[in-house]
Amino acid sequence: MDSDVDYDVFGAACPSRPVLEDVTGRWGSLAMGALADGPMRFNELRRRVEGVSQKMLAQSLQALERDGLVNRQVQSTFPLKVEYSLTPTGEVLAAKLLDLIGYLTGSMPSILDAQQSYDQAHAKT
């Protein structure tokens with residue numbers, strides 16, 4: 001890969017755009033945030049990220065693995081054991097996602113107030 005290339009996520013053809021989508025999609029960001037606590041097996045991760053279907057979690061993990069953000073390690077045991085963890089790049093990105101998540105959850109009172117004000121101002125009569 002050419003390290004002199006300027007990537008611009010705002011450009012339609014930039015290869016960073018699909019990666020941004022993988023990372024910032026609902027299940028990708030939550031999976032990465034959960035994996036920041038350490039390696040997890042699939043079902044453990046699924047329990048941690050409440051509401052995600054098996055199919056959506058598997059697709060998100062596969063995309064993040066392809067992007068080099070998540071490792072999938074298969075241990076040849078019976079039954080087969082598969083564990084997911086963050087790569088070094090994934091760890092840095094997950095820390096930034098957790099900062100965003102922390103800011104968001106800490107701002108929820110003002111966000112909920114804004115939503116209520118908006119809804120009241122735009123209520124259909």
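Worth a mention:
- For region 77-94, the candidate set comprises residues that are over 13 Å from the mean Cα position of the chain (by Cα) and hydrophobic (A, V, I, L, M, F, W, C); within that set, the residue that is farthest from residue 67 (Cα to Cα) is 78.
- Failed item, numbered, when residue 22 is tested on (1) acidic (Asp, Glu); (2) under 24 Å from residue 74 (Cβ atoms); (3) out of contact with any Asp or Glu (no Cβ under 8 Å at 6 or more places or on another chain): (3)
- There is at least one residue in region 46-61 that is within 22 Å of residue 100 (Cα to Cα) and among the polar types (S, T, N, Q).
- Scanning region 48-65 for residues being in contact with a strand residue (DSSP E or B) (Cβ under 9 Å, 6 or more places away or on another chain) and of a type in the set (Lys, Arg) gives a total of 1.
- The lone exception for residue 76 - which of (1) of a type outside the set (A, V, I, L, M); (2) surrounded by 12 or more Cβ atoms within 10 Å (Cβ to Cβ); (3) at pLDDT below 95 it fails: (2)
- The requirement of being touching a helix residue (DSSP H, G or I) at 6+ places or on another chain (Cβ under 9 Å), of a type in the set (Val, Ile, Thr), under 20 Å from residue 18 (Cβ atoms) and surrounded by 12 or more Cβ atoms within 10 Å (Cβ to Cβ) is not satisfied by residue 49.
Yes/no per residue for (1) more than 22 Å from residue 15 (Cβ to Cβ); (2) surrounded by 12 or more Cβ atoms within 10 Å (Cβ to Cβ):
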| site | (1), (2) |
| --- | --- |
| 31 | no, yes |
| 83 | yes, yes |
| 110 | yes, no |
| 115 | yes, no |
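The values are calculated or read from the model by the stated rules, or taken from the named source; none is laboratory data. None of the values given here were measured: they were computed from a predicted structure. All Cβ positions, glycine included, derive from the backbone under ideal geometry; neighbour counts span all protein chains shown.
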